[in-house]
Amino acid sequence: MRGLTPPLFFCLNTDKSSITMKPTPKEHNEALDRHAIIVKHLIDEGYADSEESADKIIMGMSEQWFNIIID
């Protein structure tokens with residue numbers, strides 16, 4: 001991932017009131033793995049033609065769509 005940070009829902013609870021700590025290294029790595037899966041899916045399915053365009057889609061992606069892809 002070229003220096004971009006995935007959206008928070010990749011690794012954090014959606015209840016913003018409970019966010020008091022940064023993700024652990026394990027959570028961060030899991031988020032990066034999920035990001036790679038999403039990028040690959042978007043490119044394979046023709047939604048994006050590069051990692052950069054996939055990243056732009058991901059930034060506007062709903063959590064529901066993200067979960068559908070990951071599941």
Per-region count, the stretch 37-62, residues touching a residue at least 24 places away in the same chain (Cβ under 8 Å), open to solvent by 70 Å² or more (accessible area, probe 1.4 Å) and not β-branched (Val, Ile, Thr): 2
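Scan the stretch 23-71 residue by residue and report those that are part of a loop (DSSP other than H, G, I, E, B) and among the aromatic types (Phe, Trp, Tyr).
Initial filter on the stretch 23-71 (part of a loop (DSSP other than H, G, I, E, B)): 23-24, 45-50, 60-62, 71.
If the condition is that a residue be part of a loop (DSSP other than H, G, I, E, B) and among the aromatic types (Phe, Trp, Tyr), then Tyr47 is the only one that fits.
The values are calculated or read from the model by the stated rules, or taken from the named source; none is laboratory data. These numbers come from a predicted model, not from an experiment. As a convention, Cβ positions derive from the backbone with ideal geometry for all residues, glycine included, and neighbour counts pool all protein chains shown. In case anyone asks, the SASA skips ligands and DNA or RNA and just uses the protein heavy atoms, side chains included. Shrake-Rupley method; radii C 1.70, N 1.55, O 1.52, S 1.80 Å.
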